[in-house]
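Following: one structure in structure tokens, then a few remarks.
FYI, it's all coordinate maths here, none of it is from the lab. The model shown is predicted, which means the values in this text are computed figures rather than measured ones. All Cβ positions, glycine included, derive from the backbone under ideal geometry; neighbour counts span all protein chains shown.
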Amino acid sequence: MFDMIIFDWKRTLYDPDRKVLLPGAVELLKFLRSKHIPMILIGKGGQDMKQEVKRLGVAKYFQEIVFSDKEKDLQTFQKFIKNPQEVLVIGDRVRSELEIGKKLGAVTIWVRQGKFVNELPENPNQKPDYIVANLDKLAVLFKTHLFAPRDRVFGPI
């Protein structure tokens, strides 16, 4: 069982161009909260993004919300990861949050959608443990294969 999930914000749960949650985001967050898995939200941005999280009604799902104007870095994630094998890092970029998660020893899930759908891994630290096509497929992964072998891949490669 995983004892924490770290979500990326923009383009994983939230569409910054249309200023809406991506399809399936609320249902997924509700499901994970029902499993009592602590969730952290990390993203690029400032007070404006914190306001968006509140406006969209999803702040209540996260134990902590961290936004920064600088690029995501190892230290931001590291302070939340105590037992790396028990932490999931979920994002849309293999060359950002997923690479950080892998370097820290966490399990990673690439939600391969949107702007970075064709940004392929360039090194082993960028290769995700799981790949899903969207948040609905991620929900299926959680509901039916949470304990599946790590080399199992769901959705398009």
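Using the count of nearby Cβ atoms within 10 Å as a rough guide to exposure, how do 144, 108 rank from fewest to most?
Arranged by neighbour count, lowest to highest, 144, 108 become 144, 108.
When you filter the trypsin sites (Lys or Arg not before Pro) in segment 43-140 for DSSP loop state and at most 13 other Cβ atoms inside 10 Å of their Cβ, you are left with 70, 79, 82. Close amide H pairs (under 5 Å, H built 1.01 Å from N) link residue 14 with 22, residues at least 5 positions away or on another chain. So, in Å, what gap is there between the alpha-carbon centers of segment 71-93 and segment 43-59? Value for the Cα centre distance between the two parts: 19 Å.
What's the longest piece of the chain with no exposed GluC sites (Glu not before Pro), counting a site as exposed if DSSP puts it in a loop and it has at most 14 other beta carbons within 10 Å? The answer is 1-70.
Between residue 140 and residue 48, the modelled label-to-label distance comes to 3.6 nm, taking each label 7 Å out from Cα in the direction of the beta carbon. By the count of other C-beta atoms within 10 Å, a proxy for reagent exposure, 129, 17, 8, 136 are ordered fewest to most as 17, 136, 129, 8.
Scanning residues 5 or more positions from residue 4 or on other chains, those with amide H under 5 Å from its amide H are 88, with H placed 1.01 Å from N in the peptide plane.
Once the chain from residue 118 to residue 33 is taken as fully extended at 0.36 nm per residue, the excess over their C-alpha distance is 27.5 nm.
If I compute semi-axes √(5λ) of the Cα gyration tensor in Å from the structure I just sent, which labelled value in (1) 36, 17, 12; (2) 23, 19, 15; (3) 21, 17, 16 lines up? Matching the structure shown: (3).
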